[in-house]
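The values are calculated or read from the model by the stated rules, or taken from the named source; none is laboratory data. Just so it is clear, the structure is predicted and the values come from calculations on it, not from any experiment. Here Cβ is always computed from backbone atoms with ideal geometry, including for glycine, and neighbour counts include all displayed protein chains. These area figures cover heavy atoms from the full protein model, side chains too; ligands, DNA and RNA do not enter into them. Shrake-Rupley method; radii C 1.70, N 1.55, O 1.52, S 1.80 Å.
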Amino acid sequence: MLLSVLLQAAAGAGLSKIGAAIGAGLAVIGAGLGIGKIGGSAMEAIARQPESSGDIRMNMIIIAALLEGVALFAIVVCFLAL
């Protein structure tokens, strides 16, 4: 029964557009929260050990770039679902 409901929902074009838009929005919100958490944690780590600020900053930028790449991939997948 659940499968038939899902198949009927997938057949409607309007519902798939709403799902893609919600998915893209969640990807952007998740990436924003993740980058904010990375930045906050990096600032806290730099405050604890100022002598290693270069290494912490470099790792923060690399992780933020990877997170942003995953978010961009998620958005592209959502737009392809349209």
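Annotations
- Residue list for the range 60-76, filter: in contact with a helix residue (DSSP H, G or I) (Cβ under 8 Å, 6 or more places away or on another chain) and free of Cβ contacts under 8 Å to residues at least 40 places away in the same chain: MET60, ILE63, ALA64, LEU67, GLU68, VAL70
- Within the range 51-76, if we keep just the residues that are under 11 Å from ALA27 (Cα atoms) and among the β-branched types (Val, Ile, Thr), the residue that is farthest from the chain's Cα centre (by Cα) turns out to be VAL76.
- For the range 49-82, the set of residues classified as of a type in the set (Val, Ile, Thr) and either within 19 Å of GLY39 (Cβ to Cβ) or open to solvent by 100 Å² or more (accessible area, probe 1.4 Å) (or both) consists of ILE56, ILE61, ILE62, ILE63, VAL70, listed by residue number.
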